[in-house]
Amino acid sequence: MRRVGIFISGGGSNMVALLDEMAKSGSPAAPALVLSNDANAGGLAKAAARGVATAAIDHRPFGKDRPAFEAEIQKALEAHGVDLVCLAGFMRILTPGFVDAWTGRMLNIHPSLLPLFTGLHTHQRAIDAGCAVHGCTVHEVIPELDAGPILGQAVVPVKAGDDADSLAARVLVQEHRLYPMALTRFAAGNRDRFALGLAGA
Ligand code: GAR
């Protein structure tokens, strides 16, 4: 059984989808900790309401000293016996040292069809580029931002009249399908790529 730590910075809708998935009988993964860099992240209360341990480690007191911030995170992960990390809307960049320590044991969801549109504002950039499709990606985390072996992707159409919000909402529905599937497969030792076809057309 993999013991999963989920990192969030905000509302945590993907985190909730992962918790719901792990609550299913036969899941190869169990939630051990939900951790946020923001004590006010709405997702922390949702995790606590589901009986999952939570931790808030504010990055701000550490200033530019990211390793010191990450050392606190590492302590929390060890205290809760975490052996697999899922980044789920965690909006802090992790140092290569931390990422290397978790290589092969850390997943991320990104709201684009990687390798397109790494970084921020992915939905607006897909619209501006004139893409007919857009989507989301779950990948293994490596030190390079929004890169690393792709585990799964889900595709949605970009519709006439879409703005960043309407497109983000269409993608988010698919994030909530994609990430739980990717986690269950990965926790069971299956790293084969998979794709969820055009949804919401
Ligand atoms: C999600 O759309 C996720 O893909 C994105 O943040 C949102 C978090 O929503 N992640 C990134 O942009 C990472 N760079 P949630 O808190 O409701 O899961």
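Okay, residues lined up against (1) over 25 Å from Leu172 (Cβ atoms); (2) touching a residue at least 40 places away in the same chain (Cβ under 8 Å); (3) within 16 Å of the ligand (Cβ to nearest atom); (4) of a type in the set (Asp, Glu):
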{"residue": "Asn40", "(1), (2), (3), (4)": "no, no, yes, no"}
{"residue": "Ala49", "(1), (2), (3), (4)": "no, no, yes, no"}
{"residue": "Lys64", "(1), (2), (3), (4)": "yes, no, no, no"}
{"residue": "Cys86", "(1), (2), (3), (4)": "no, yes, yes, no"}
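Determine which single condition Gly200 fails, assuming it passes every other condition in (1) under 21 Å from Met106 (Cα atoms); (2) in a loop (DSSP other than H, G, I, E, B).
(1)
Is it fair to say Leu33 is away from the ligand (no atom under 15 Å from the Cβ) and at pLDDT 95 or above? Give the steps one after another, and end with the answer.
Details: away from the ligand (no atom under 15 Å from the Cβ): yes; at pLDDT 95 or above: yes.
The answer is yes for Leu33.
If His134 meets every condition in (1) within 11 Å of the ligand (Cβ to nearest atom); (2) over 24 Å from Leu19 (Cα atoms); (3) in a strand (DSSP E or B) apart from one, which number is that one?
Evaluating His134 over (1) within 11 Å of the ligand (Cβ to nearest atom); (2) over 24 Å from Leu19 (Cα atoms); (3) in a strand (DSSP E or B) leaves (1) as the failure.
Among the residues of region 42-71, which ones are among the acidic types (Asp, Glu) and within 27 Å of Asp20 (Cα to Cα)? Walk me through how you get there before you give the answer.
Step one: list which residues in region 42-71 are among the acidic types (Asp, Glu), which gives 58, 65, 70.
Residue satisfying the conditions is Asp58 alone.
Considering only residues that are in contact with a helix residue (DSSP H, G or I) (Cβ under 8 Å, 6 or more places away or on another chain) and surrounded by fewer than 23 Cβ atoms within 10 Å (Cβ to Cβ), which ones fall in region 124-139?
The answer is Gln124, Ile127.
Can you tell me how many residues in region 106-120 are more than 9 Å from the chain's Cα centre (by Cα), near the ligand (Cβ under 9 Å from one of its atoms) and touching a residue at least 12 places away in the same chain (Cβ under 8 Å)? Give the derivation first.
Looking only at region 106-120, we keep the residues that are more than 9 Å from the chain's Cα centre (by Cα), and these are 106, 111-120.
Applying the additional criterion that residues be near the ligand (Cβ under 9 Å from one of its atoms) yields 111-112, 118-120.
Still in the running and touching a residue at least 12 places away in the same chain (Cβ under 8 Å): 111-112, 118-119.
Selection size over region 106-120: 4.
Consider Val52 against the criteria (1) loosely packed, with under 13 Cβ neighbours inside 10 Å; (2) in a loop (DSSP other than H, G, I, E, B): it satisfies all of them except one. Which criterion is unmet?
Exception for Val52: condition (1).
Confirm whether Gln153 is within 18 Å of the chain's Cα centre (by Cα) and without any contact (Cβ under 8 Å) to a residue 40 or more places away in the chain.
Details: within 18 Å of the chain's Cα centre (by Cα): yes; without any contact (Cβ under 8 Å) to a residue 40 or more places away in the chain: no.
Criteria not met by Gln153.
Could you tell me whether Gly26 is more than 20 Å from Tyr179 (Cα to Cα), away from the ligand (no atom under 16 Å from the Cβ) and surrounded by fewer than 16 Cβ atoms within 10 Å (Cβ to Cβ)? Steps first, answer last, please.
Details: more than 20 Å from Tyr179 (Cα to Cα): no; away from the ligand (no atom under 16 Å from the Cβ): yes; surrounded by fewer than 16 Cβ atoms within 10 Å (Cβ to Cβ): yes.
So Gly26 does not fit the description; no.
Go through region 55-66 and count every residue that is surrounded by 13 or more Cβ atoms within 10 Å (Cβ to Cβ) and either part of a helix (DSSP H, G or I) or of a type outside the set (Gly, Ala, Ser) (or both). Spell out the reasoning first.
Going residue by residue through region 55-66, those that are surrounded by 13 or more Cβ atoms within 10 Å (Cβ to Cβ) are 55-59, 62, 66.
Still in the running and either part of a helix (DSSP H, G or I) or of a type outside the set (Gly, Ala, Ser) (or both): 57-59, 62, 66.
Selection size over region 55-66: 5.
From the residues in region 153-178 that are within 13 Å of the ligand (Cβ to nearest atom) and either in a strand (DSSP E or B) or β-branched (Val, Ile, Thr) (or both), which one is surrounded by the fewest Cβ atoms within 10 Å (Cβ to Cβ)?
Val173
Mind checking which residues of region 1-20 are of a type outside the set (Val, Ile, Thr) and either under 13 Å from Ile109 (Cβ atoms) or near the ligand (Cβ under 8 Å from one of its atoms) (or both)? Can you show your working first?
If we filter region 1-20 for residues that are of a type outside the set (Val, Ile, Thr), which is where we start, we get 1-3, 5, 7, 9-15, 17-20.
The answer is Phe7, Ser9, Gly10, Gly11, Gly12, Ser13, Asn14, Met15, Ala17, Leu18.
Looking only at region 140-152, count every residue that is out of contact with any strand residue (DSSP E or B) (no Cβ under 8 Å at 6 or more places or on another chain) and either buried (at least 16 other Cβ atoms within 10 Å of the Cβ) or of a type in the set (Val, Ile, Thr) (or both) and tell me the total. Talk me through it step by step, then tell me what you get.
Quick first cut of region 140-152, residues out of contact with any strand residue (DSSP E or B) (no Cβ under 8 Å at 6 or more places or on another chain) only: 142-145.
Now narrow it down to the ones that are either buried (at least 16 other Cβ atoms within 10 Å of the Cβ) or of a type in the set (Val, Ile, Thr) (or both): 142.
The total comes to 1.
The values are calculated or read from the model by the stated rules, or taken from the named source; none is laboratory data. Everything numeric in this text was worked out from a predicted model, so none of it was measured. Cβ: placed from backbone, ideal geometry, glycine included. Neighbour counts: every protein chain shown.
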